[in-house]
1. Filter region 88-107 down to the residues that are touching a strand residue (DSSP E or B) at 6+ places or on another chain (Cβ under 9 Å) and not hydrophobic (A, V, I, L, M, F, W, C), then identify the one that is surrounded by the most Cβ atoms within 10 Å (Cβ to Cβ).
2. Scan region 433-451 and tell me whether some residue there is touching a residue at least 60 places away in the same chain (Cβ under 8 Å), out of contact with any Leu (no Cβ under 8 Å at 6 or more places or on another chain) and farther than 20 Å from Q345 by Cα.
3. How about region 67-119: which of its residues are of a type in the set (D, E) and farther than 30 Å from L28 by Cβ?
4. Among (1) under 30 Å from Q282 (Cα atoms); (2) within 18 Å of the chain's Cα centre (by Cα); (3) within 13 Å of ligand 1 (Cβ to nearest atom), where does T62 come up short?
5. Can S276 be described as surrounded by 14 or more Cβ atoms within 10 Å (Cβ to Cβ) and of a type in the set (S, T, Y)?
6. Determine which single condition D122 fails, assuming it passes every other condition in (1) surrounded by 13 or more Cβ atoms within 10 Å (Cβ to Cβ); (2) within 30 Å of I196 (Cβ to Cβ); (3) free of Cβ contacts under 8 Å to residues at least 60 places away in the same chain.
7. Within region 181-198, work out how many residues are more than 11 Å from ligand 1 (Cβ to nearest atom) and assigned to a helix (DSSP H, G or I).
8. Looking at region 394-403, can you tell me whether even one residue there is at pLDDT 95 or above, buried (at least 19 other Cβ atoms within 10 Å of the Cβ), at negative phi and in a helix (DSSP H, G or I)?
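The values are calculated or read from the model by the stated rules, or taken from the named source; none is laboratory data. Treat the numbers as computed from the prediction; the structure is a model and nothing was measured. With ideal geometry, Cβ positions are generated from the backbone for all residues, glycine too; neighbour counts draw on all protein chains shown.
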Amino acid sequence: MTKRTRFAPSPTGYLHVGGARTALFSWLHARKHGGAFILRIEDTDLERSTPESVNAILEGMTWLGLEYDEGPFYQTERFDRYNEVIEELMEKGLAYRCSCSRERLDDLRETAMANKEKPRYDGHCRSLDISPDTPHVIRFLNPDDGVVVVDDMVRGRVSFSNAELDDLIIRRTDGSPTYNLTVVVDDSDMGITDVIRGDDHLNNTPRQINILKALDKEIPRYAHLPMILGDDGARLSKRHGAVSVMQYMEQGILPEALINYLVRLGWSHGDQEVFSQEELIQLFDVDDVNKSASSFNTEKLLWLNQHYIKEADSYHLAHLLSPHLGRLGIDPAEGPDIVKVVEAQKERAKTLVEMAEISEFIYRDFEEYDEKAAKKNLRPVVREPLEKMKEALQQLDNWEETTLHQCVEDVSASLELKMGKVAQPLRVAVVGRAASPGIDVTLALIGKDACLRRIDMALEFIRKREEQA
Ligand code: GLU
Ligand code: ZN
(Lines give C-alpha, C1' and ligand atoms only; values in the text may rest on other atoms or scores of the structure.)
(Ligands and ions follow the chains in the order given, each with its own letter.)
Protein backbone atom coordinates (compact mmCIF):
# COMPACT_ATOMS: atom_id res chain seq x y z
CA MET A 1 0.00 0.00 0.00
CA THR A 2 1.27 3.48 -0.81
CA LYS A 3 2.31 5.29 2.30
CA ARG A 4 0.61 8.57 3.03
CA THR A 5 1.88 10.84 5.77
CA ARG A 6 0.82 14.27 6.88
CA PHE A 7 1.97 17.30 8.78
CA ALA A 8 -0.90 18.86 10.69
CA PRO A 9 0.18 22.07 12.38
CA SER A 10 -2.15 24.34 14.33
CA PRO A 11 -1.51 27.82 12.96
CA THR A 12 -1.09 29.56 16.30
CA GLY A 13 2.51 30.70 15.83
CA TYR A 14 5.51 30.37 13.56
CA LEU A 15 6.97 27.07 12.40
CA HIS A 16 9.25 26.10 15.26
CA VAL A 17 12.08 23.63 15.41
CA GLY A 18 9.95 20.84 16.87
CA GLY A 19 7.26 21.24 14.22
CA ALA A 20 9.85 21.40 11.47
CA ARG A 21 11.41 18.15 12.65
CA THR A 22 7.98 16.47 12.71
CA ALA A 23 7.33 17.73 9.19
CA LEU A 24 10.77 16.56 8.06
CA PHE A 25 10.34 13.05 9.44
CA SER A 26 6.88 12.74 7.84
CA TRP A 27 8.24 14.07 4.57
CA LEU A 28 11.23 11.71 4.62
CA HIS A 29 9.03 8.75 5.45
CA ALA A 30 6.78 9.53 2.49
CA ARG A 31 9.70 10.16 0.12
CA LYS A 32 11.52 7.04 1.18
CA HIS A 33 8.53 4.88 0.39
CA GLY A 34 7.48 6.73 -2.75
CA GLY A 35 4.35 7.85 -0.93
CA ALA A 36 2.56 11.15 -0.48
CA PHE A 37 3.09 13.91 2.06
CA ILE A 38 0.01 15.94 2.91
CA LEU A 39 -0.24 19.30 4.61
CA ARG A 40 -3.25 19.94 6.78
CA ILE A 41 -3.85 23.17 8.65
CA GLU A 42 -5.63 22.49 11.94
CA ASP A 43 -7.23 25.86 12.32
CA THR A 44 -10.37 24.99 14.24
CA ASP A 45 -9.28 27.05 17.22
CA LEU A 46 -10.65 30.25 15.73
CA GLU A 47 -9.35 32.44 18.51
CA ARG A 48 -5.75 31.36 18.33
CA SER A 49 -5.39 30.60 14.61
CA THR A 50 -4.20 33.41 12.38
CA PRO A 51 -3.55 33.76 8.65
CA GLU A 52 -0.11 35.22 9.51
CA SER A 53 0.73 32.01 11.23
CA VAL A 54 -0.46 29.93 8.27
CA ASN A 55 1.85 32.03 6.09
CA ALA A 56 4.72 31.62 8.50
CA ILE A 57 4.30 27.85 8.41
CA LEU A 58 4.11 27.75 4.62
CA GLU A 59 7.11 30.05 4.38
CA GLY A 60 9.16 27.89 6.74
CA MET A 61 8.30 24.70 4.87
CA THR A 62 9.12 26.27 1.52
CA TRP A 63 12.43 27.55 2.82
CA LEU A 64 13.31 24.09 4.11
CA GLY A 65 12.22 22.51 0.84
CA LEU A 66 9.58 20.30 2.45
CA GLU A 67 7.28 20.10 -0.52
CA TYR A 68 3.88 18.65 0.07
CA ASP A 69 2.02 16.62 -2.51
CA GLU A 70 -1.48 17.49 -1.39
CA GLY A 71 -3.02 20.38 0.50
CA PRO A 72 -2.90 22.57 2.35
CA PHE A 73 -6.29 21.38 3.56
CA TYR A 74 -7.95 23.65 6.08
CA GLN A 75 -10.04 22.10 8.81
CA THR A 76 -12.27 25.15 8.99
CA GLU A 77 -13.43 24.28 5.49
CA ARG A 78 -14.51 20.81 6.55
CA PHE A 79 -17.05 21.48 9.30
CA ASP A 80 -19.88 19.96 7.27
CA ARG A 81 -17.93 16.77 6.94
CA TYR A 82 -17.19 16.64 10.68
CA ASN A 83 -20.86 17.14 11.46
CA GLU A 84 -21.76 14.38 9.06
CA VAL A 85 -19.48 12.00 10.95
CA ILE A 86 -20.81 13.15 14.30
CA GLU A 87 -24.35 12.43 13.02
CA GLU A 88 -23.19 9.01 11.87
CA LEU A 89 -21.88 8.23 15.35
CA MET A 90 -25.14 9.47 16.88
CA GLU A 91 -27.16 7.25 14.60
CA LYS A 92 -25.03 4.26 15.44
CA GLY A 93 -25.62 5.00 19.12
CA LEU A 94 -21.87 5.61 19.59
CA ALA A 95 -22.22 9.24 20.55
CA TYR A 96 -24.74 11.04 22.72
CA ARG A 97 -25.82 14.45 23.93
CA CYS A 98 -24.66 15.60 27.32
CA SER A 99 -26.18 18.59 29.05
CA CYS A 100 -24.28 18.36 32.31
CA SER A 101 -23.78 21.74 33.85
CA ARG A 102 -20.40 23.24 34.56
CA GLU A 103 -21.18 22.86 38.29
CA ARG A 104 -21.92 19.18 37.98
CA LEU A 105 -18.72 18.56 36.06
CA ASP A 106 -16.74 20.65 38.56
CA ASP A 107 -18.21 18.64 41.43
CA LEU A 108 -17.26 15.42 39.72
CA ARG A 109 -13.72 16.64 39.30
CA GLU A 110 -13.42 17.80 42.87
CA THR A 111 -14.75 14.55 44.28
CA ALA A 112 -12.34 12.58 42.14
CA MET A 113 -9.46 14.75 43.25
CA ALA A 114 -10.45 14.40 46.88
CA ASN A 115 -10.44 10.61 46.43
CA LYS A 116 -7.11 10.83 44.65
CA GLU A 117 -8.68 9.48 41.49
CA LYS A 118 -8.18 10.62 37.94
CA PRO A 119 -11.00 13.07 37.07
CA ARG A 120 -13.28 11.45 34.59
CA TYR A 121 -16.76 12.03 33.19
CA ASP A 122 -19.10 9.45 34.73
CA GLY A 123 -21.33 8.78 31.72
CA HIS A 124 -24.29 10.43 33.45
CA CYS A 125 -26.03 11.43 30.21
CA ARG A 126 -25.37 8.19 28.31
CA SER A 127 -28.86 6.90 28.89
CA LEU A 128 -30.71 10.22 29.08
CA ASP A 129 -32.54 11.26 25.97
CA ILE A 130 -31.56 14.92 25.87
CA SER A 131 -33.46 17.08 23.43
CA PRO A 132 -31.39 18.73 20.67
CA ASP A 133 -32.93 22.05 21.80
CA THR A 134 -31.28 21.90 25.20
CA PRO A 135 -27.78 23.36 25.14
CA HIS A 136 -25.49 20.35 24.99
CA VAL A 137 -22.19 18.90 23.94
CA ILE A 138 -21.83 15.60 22.11
CA ARG A 139 -19.72 12.91 23.67
CA PHE A 140 -18.20 9.83 22.11
CA LEU A 141 -19.29 6.65 23.84
CA ASN A 142 -15.96 5.15 24.74
CA PRO A 143 -15.87 1.37 25.35
CA ASP A 144 -15.94 0.63 29.09
CA ASP A 145 -13.46 -2.17 29.10
CA GLY A 146 -10.70 -3.78 27.14
CA VAL A 147 -7.40 -2.23 26.17
CA VAL A 148 -6.25 -0.20 23.23
CA VAL A 149 -2.85 -1.25 21.99
CA VAL A 150 -0.70 1.15 20.03
CA ASP A 151 2.22 -0.46 18.21
CA ASP A 152 4.14 2.71 17.96
CA MET A 153 6.98 2.82 15.42
CA VAL A 154 9.13 4.74 17.89
CA ARG A 155 7.83 3.85 21.33
CA GLY A 156 7.07 0.22 20.72
CA ARG A 157 3.94 -1.30 22.19
CA VAL A 158 1.95 1.01 24.45
CA SER A 159 -1.32 -0.16 26.00
CA PHE A 160 -4.12 1.95 27.38
CA SER A 161 -6.98 0.59 29.40
CA ASN A 162 -10.39 1.80 28.27
CA ALA A 163 -11.36 2.19 31.90
CA GLU A 164 -8.93 5.10 31.99
CA LEU A 165 -10.52 6.90 29.05
CA ASP A 166 -13.76 8.77 29.53
CA ASP A 167 -16.42 9.78 27.04
CA LEU A 168 -14.69 12.45 25.08
CA ILE A 169 -16.47 15.60 23.95
CA ILE A 170 -16.47 15.55 20.14
CA ARG A 171 -18.73 18.57 19.60
CA ARG A 172 -18.83 21.64 21.80
CA THR A 173 -21.97 23.52 22.83
CA ASP A 174 -21.31 26.08 20.09
CA GLY A 175 -21.44 23.26 17.54
CA SER A 176 -17.73 23.17 16.78
CA PRO A 177 -15.98 19.80 16.55
CA THR A 178 -13.03 19.03 18.83
CA TYR A 179 -9.46 18.10 17.98
CA ASN A 180 -9.67 14.32 18.39
CA LEU A 181 -12.74 14.10 16.17
CA THR A 182 -11.39 16.30 13.39
CA VAL A 183 -8.03 14.50 13.32
CA VAL A 184 -9.72 11.13 13.05
CA VAL A 185 -12.05 12.22 10.26
CA ASP A 186 -9.21 13.85 8.35
CA ASP A 187 -6.66 11.09 8.80
CA SER A 188 -9.25 8.65 7.57
CA ASP A 189 -10.66 10.76 4.69
CA MET A 190 -7.16 11.69 3.56
CA GLY A 191 -6.08 8.06 3.56
CA ILE A 192 -3.25 8.66 6.01
CA THR A 193 -1.42 5.39 6.60
CA ASP A 194 1.33 6.67 8.89
CA VAL A 195 0.84 9.33 11.53
CA ILE A 196 4.14 10.84 12.65
CA ARG A 197 3.76 13.49 15.33
CA GLY A 198 5.06 14.77 18.65
CA ASP A 199 4.72 12.52 21.67
CA ASP A 200 2.54 15.11 23.38
CA HIS A 201 -0.20 13.44 21.33
CA LEU A 202 0.46 9.90 22.51
CA ASN A 203 -2.36 10.08 25.06
CA ASN A 204 -4.80 11.10 22.35
CA THR A 205 -3.97 8.09 20.25
CA PRO A 206 -6.14 5.48 22.06
CA ARG A 207 -9.09 7.87 21.90
CA GLN A 208 -8.54 8.40 18.21
CA ILE A 209 -8.23 4.66 17.62
CA ASN A 210 -11.51 4.07 19.46
CA ILE A 211 -13.30 6.60 17.27
CA LEU A 212 -11.77 5.09 14.13
CA LYS A 213 -12.96 1.66 15.24
CA ALA A 214 -16.44 2.99 15.91
CA LEU A 215 -16.47 4.31 12.35
CA ASP A 216 -15.12 1.04 10.93
CA LYS A 217 -12.10 2.80 9.54
CA GLU A 218 -8.53 1.64 8.99
CA ILE A 219 -6.22 2.40 11.89
CA PRO A 220 -3.04 4.13 10.68
CA ARG A 221 0.37 3.27 12.08
CA TYR A 222 1.69 5.79 14.59
CA ALA A 223 5.10 7.19 15.40
CA HIS A 224 5.39 9.53 18.36
CA LEU A 225 8.56 11.60 18.31
CA PRO A 226 10.33 12.47 21.55
CA MET A 227 10.70 16.05 22.71
CA ILE A 228 13.53 18.36 21.87
CA LEU A 229 15.34 19.87 24.83
CA GLY A 230 17.41 23.03 24.99
CA ASP A 231 21.11 23.00 25.88
CA ASP A 232 20.08 23.22 29.54
CA GLY A 233 17.86 20.13 29.55
CA ALA A 234 14.53 22.00 29.68
CA ARG A 235 12.00 21.64 26.89
CA LEU A 236 13.12 23.77 23.94
CA SER A 237 11.43 27.15 24.04
CA LYS A 238 11.92 30.76 23.07
CA ARG A 239 14.24 31.18 26.02
CA HIS A 240 16.84 29.15 24.15
CA GLY A 241 17.17 31.72 21.40
CA ALA A 242 15.89 31.09 17.93
CA VAL A 243 13.25 28.41 17.81
CA SER A 244 11.38 29.68 14.79
CA VAL A 245 12.70 28.19 11.59
CA MET A 246 12.68 31.58 9.85
CA GLN A 247 14.80 33.04 12.62
CA TYR A 248 17.52 30.63 11.60
CA MET A 249 17.21 31.93 8.08
CA GLU A 250 17.67 35.43 9.45
CA GLN A 251 20.74 34.30 11.36
CA GLY A 252 22.27 33.08 8.15
CA ILE A 253 21.75 29.35 8.49
CA LEU A 254 21.45 27.42 5.23
CA PRO A 255 18.22 25.42 4.88
CA GLU A 256 20.18 22.28 4.00
CA ALA A 257 22.23 22.70 7.18
CA LEU A 258 19.12 23.03 9.30
CA ILE A 259 17.56 19.97 7.65
CA ASN A 260 20.72 17.98 8.32
CA TYR A 261 20.72 19.26 11.88
CA LEU A 262 17.04 18.51 12.48
CA VAL A 263 17.24 14.96 11.22
CA ARG A 264 19.91 14.18 13.77
CA LEU A 265 17.59 15.26 16.58
CA GLY A 266 16.42 11.79 17.44
CA TRP A 267 17.76 9.84 14.49
CA SER A 268 21.21 8.59 13.61
CA HIS A 269 23.01 6.37 11.18
CA GLY A 270 26.17 5.08 12.78
CA ASP A 271 28.29 8.10 13.54
CA GLN A 272 27.65 9.83 10.24
CA GLU A 273 26.92 13.53 10.74
CA VAL A 274 26.54 14.89 7.22
CA PHE A 275 23.84 13.62 4.90
CA SER A 276 22.82 14.72 1.47
CA GLN A 277 19.11 14.84 0.80
CA GLU A 278 19.30 11.69 -1.34
CA GLU A 279 21.15 9.87 1.40
CA LEU A 280 18.54 10.90 3.93
CA ILE A 281 15.71 9.64 1.79
CA GLN A 282 17.54 6.37 1.40
CA LEU A 283 18.77 5.90 4.95
CA PHE A 284 16.09 7.44 7.13
CA ASP A 285 13.88 4.95 8.88
CA VAL A 286 11.30 6.06 11.39
CA ASP A 287 11.74 2.73 13.22
CA ASP A 288 15.27 3.88 14.08
CA VAL A 289 14.13 7.08 15.79
CA ASN A 290 15.29 7.32 19.37
CA LYS A 291 12.80 6.93 22.20
CA SER A 292 14.52 9.44 24.41
CA ALA A 293 14.53 13.19 24.08
CA SER A 294 17.29 14.86 22.14
CA SER A 295 19.03 18.12 22.96
CA PHE A 296 19.45 21.10 20.77
CA ASN A 297 23.07 22.09 20.32
CA THR A 298 23.72 25.40 18.65
CA GLU A 299 27.46 24.73 18.25
CA LYS A 300 26.73 21.68 16.18
CA LEU A 301 24.28 23.55 14.01
CA LEU A 302 26.94 26.17 13.33
CA TRP A 303 29.50 23.49 12.55
CA LEU A 304 27.13 21.93 10.04
CA ASN A 305 26.32 25.30 8.62
CA GLN A 306 29.96 26.09 8.03
CA HIS A 307 30.35 22.75 6.35
CA TYR A 308 27.41 23.43 4.05
CA ILE A 309 28.66 26.91 3.23
CA LYS A 310 32.05 25.49 2.20
CA GLU A 311 30.48 22.80 0.07
CA ALA A 312 27.69 24.86 -1.45
CA ASP A 313 27.51 25.71 -5.09
CA SER A 314 28.60 29.34 -5.38
CA TYR A 315 25.60 30.45 -7.41
CA HIS A 316 23.24 28.94 -4.86
CA LEU A 317 25.17 30.60 -2.05
CA ALA A 318 25.17 33.94 -3.85
CA HIS A 319 21.42 33.74 -4.06
CA LEU A 320 21.19 33.10 -0.32
CA LEU A 321 23.77 35.75 0.63
CA SER A 322 22.11 38.56 -1.27
CA PRO A 323 19.33 39.34 1.26
CA HIS A 324 21.89 39.43 4.07
CA LEU A 325 23.89 42.07 2.24
CA GLY A 326 20.61 43.87 1.66
CA ARG A 327 20.04 43.93 5.37
CA LEU A 328 23.30 45.83 5.81
CA GLY A 329 22.02 48.37 3.33
CA ILE A 330 24.22 47.02 0.57
CA ASP A 331 22.95 46.58 -2.95
CA PRO A 332 24.96 43.63 -4.28
CA ALA A 333 24.47 44.96 -7.81
CA GLU A 334 26.67 47.91 -6.94
CA GLY A 335 29.78 45.85 -6.54
CA PRO A 336 31.69 43.03 -8.14
CA ASP A 337 29.99 39.85 -9.28
CA ILE A 338 28.52 38.46 -6.06
CA VAL A 339 29.53 34.94 -7.09
CA LYS A 340 33.15 36.10 -6.86
CA VAL A 341 32.47 37.51 -3.39
CA VAL A 342 31.04 34.18 -2.30
CA GLU A 343 33.97 32.26 -3.75
CA ALA A 344 36.41 34.46 -1.89
CA GLN A 345 34.54 34.14 1.42
CA LYS A 346 33.03 30.68 1.56
CA GLU A 347 35.87 29.21 3.60
CA ARG A 348 35.76 32.07 6.04
CA ALA A 349 32.27 32.29 7.54
CA LYS A 350 30.10 30.16 9.79
CA THR A 351 26.88 31.90 8.76
CA LEU A 352 25.63 34.03 5.91
CA VAL A 353 25.28 36.94 8.33
CA GLU A 354 28.96 36.64 9.10
CA MET A 355 29.75 36.34 5.40
CA ALA A 356 27.85 39.54 4.70
CA GLU A 357 29.65 41.33 7.51
CA ILE A 358 33.12 40.30 6.42
CA SER A 359 32.24 41.34 2.87
CA GLU A 360 31.10 44.84 3.72
CA PHE A 361 34.51 46.32 2.83
CA ILE A 362 34.03 45.18 -0.75
CA TYR A 363 31.05 47.47 -1.16
CA ARG A 364 31.84 50.52 0.90
CA ASP A 365 34.57 52.29 2.82
CA PHE A 366 34.82 51.25 6.45
CA GLU A 367 34.22 53.74 9.22
CA GLU A 368 37.23 52.95 11.30
CA TYR A 369 40.17 50.59 11.49
CA ASP A 370 40.29 47.60 13.73
CA GLU A 371 42.41 49.09 16.46
CA LYS A 372 44.82 46.24 16.93
CA ALA A 373 45.34 45.78 13.20
CA ALA A 374 45.98 49.50 12.67
CA LYS A 375 48.35 49.74 15.58
CA LYS A 376 50.42 46.88 14.30
CA ASN A 377 50.33 47.60 10.58
CA LEU A 378 49.75 51.27 9.94
CA ARG A 379 53.02 52.68 11.22
CA PRO A 380 55.50 55.14 9.67
CA VAL A 381 57.62 52.24 8.38
CA VAL A 382 54.89 51.21 6.00
CA ARG A 383 54.60 54.64 4.45
CA GLU A 384 57.08 53.85 1.75
CA PRO A 385 55.63 50.45 0.83
CA LEU A 386 52.15 51.96 0.73
CA GLU A 387 53.25 54.87 -1.42
CA LYS A 388 55.05 52.53 -3.78
CA MET A 389 52.05 50.28 -3.93
CA LYS A 390 49.84 53.21 -4.73
CA GLU A 391 52.05 54.29 -7.60
CA ALA A 392 52.27 50.81 -9.00
CA LEU A 393 48.55 50.18 -8.70
CA GLN A 394 47.73 53.51 -10.26
CA GLN A 395 49.56 52.48 -13.38
CA LEU A 396 47.79 49.16 -13.74
CA ASP A 397 45.15 49.09 -16.37
CA ASN A 398 44.44 45.44 -15.94
CA TRP A 399 42.80 45.04 -12.51
CA GLU A 400 42.94 41.27 -12.32
CA GLU A 401 44.13 38.87 -9.68
CA THR A 402 47.25 37.64 -11.50
CA THR A 403 48.36 41.15 -12.40
CA LEU A 404 47.62 42.40 -8.91
CA HIS A 405 49.59 39.57 -7.40
CA GLN A 406 52.52 40.34 -9.66
CA CYS A 407 52.30 43.99 -8.74
CA VAL A 408 52.53 43.35 -4.98
CA GLU A 409 55.35 40.93 -5.62
CA ASP A 410 57.28 43.46 -7.73
CA VAL A 411 56.91 46.25 -5.19
CA SER A 412 58.08 43.95 -2.41
CA ALA A 413 61.08 42.87 -4.45
CA SER A 414 62.01 46.44 -5.29
CA LEU A 415 61.98 47.28 -1.57
CA GLU A 416 63.74 44.04 -0.69
CA LEU A 417 60.90 43.12 1.60
CA LYS A 418 59.10 39.84 2.04
CA MET A 419 55.75 39.97 0.29
CA GLY A 420 53.86 39.75 3.58
CA LYS A 421 55.55 42.92 4.83
CA VAL A 422 53.86 44.78 2.02
CA ALA A 423 50.68 42.79 1.62
CA GLN A 424 49.58 42.96 5.27
CA PRO A 425 49.78 46.75 5.71
CA LEU A 426 48.14 47.04 2.32
CA ARG A 427 45.37 44.72 3.47
CA VAL A 428 44.74 46.72 6.64
CA ALA A 429 44.74 49.87 4.53
CA VAL A 430 42.07 48.65 2.13
CA VAL A 431 40.03 46.34 4.39
CA GLY A 432 40.33 48.07 7.75
CA ARG A 433 41.14 44.84 9.53
CA ALA A 434 43.73 42.11 9.58
CA ALA A 435 41.77 39.34 7.88
CA SER A 436 40.51 39.08 4.34
CA PRO A 437 40.89 36.74 1.39
CA GLY A 438 44.25 36.67 -0.43
CA ILE A 439 45.57 40.16 -1.16
CA ASP A 440 45.14 39.75 -4.94
CA VAL A 441 41.52 38.61 -4.54
CA THR A 442 40.88 41.36 -1.99
CA LEU A 443 42.21 44.12 -4.24
CA ALA A 444 40.36 42.72 -7.24
CA LEU A 445 37.06 42.68 -5.36
CA ILE A 446 37.41 46.19 -3.98
CA GLY A 447 38.26 47.76 -7.34
CA LYS A 448 40.86 50.30 -8.37
CA ASP A 449 39.27 53.58 -7.28
CA ALA A 450 38.38 52.42 -3.80
CA CYS A 451 41.79 50.81 -3.29
CA LEU A 452 43.65 53.98 -4.22
CA ARG A 453 41.33 56.10 -2.09
CA ARG A 454 41.80 53.84 0.92
CA ILE A 455 45.58 53.81 0.55
CA ASP A 456 45.43 57.60 0.74
CA MET A 457 43.25 57.34 3.82
CA ALA A 458 45.80 55.03 5.44
CA LEU A 459 48.69 57.37 4.63
CA GLU A 460 46.72 60.22 6.15
CA PHE A 461 46.00 58.08 9.19
CA ILE A 462 49.71 57.33 9.62
CA ARG A 463 50.54 61.02 9.28
CA LYS A 464 48.01 62.01 11.96
CA ARG A 465 49.24 59.29 14.28
CA GLU A 466 52.74 60.56 13.89
CA GLU A 467 51.68 64.10 14.70
CA GLN A 468 49.92 62.96 17.84
CA ALA A 469 52.85 60.89 19.03
N1 GLU B 1 -2.49 20.08 15.27
C2 GLU B 1 -1.71 19.33 16.19
C3 GLU B 1 -0.57 20.16 16.72
O4 GLU B 1 -0.22 21.14 16.15
C5 GLU B 1 -1.12 18.08 15.60
C6 GLU B 1 -2.12 17.01 15.50
C7 GLU B 1 -1.60 15.70 15.00
O8 GLU B 1 -0.50 15.66 14.43
O9 GLU B 1 -2.34 14.75 15.10
O10 GLU B 1 0.02 19.82 17.72
ZN1 ZN C 1 -23.74 14.74 30.92
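1. Ranking the candidates gives Y96 first.
2. The answer is no; no qualifying residue exists.
3. Going residue by residue through region 67-119, those that are of a type in the set (D, E) are 67, 69-70, 77, 80, 84, 87-88, 91, 103, 106-107, 110, 117.
The answer is D80, E84, E87, E88, E91, E103, D106, D107, E110, E117.
4. (3)
5. In short, no.
6. (2)
7. At the first step, the residues of region 181-198 found to be more than 11 Å from ligand 1 (Cβ to nearest atom) are 181, 185, 188-191, 193-194.
Keeping just the survivors that are assigned to a helix (DSSP H, G or I) gives 181, 185, 188-189.
Residues in region 181-198 being more than 11 Å from ligand 1 (Cβ to nearest atom) and assigned to a helix (DSSP H, G or I): 4 in total.
8. no
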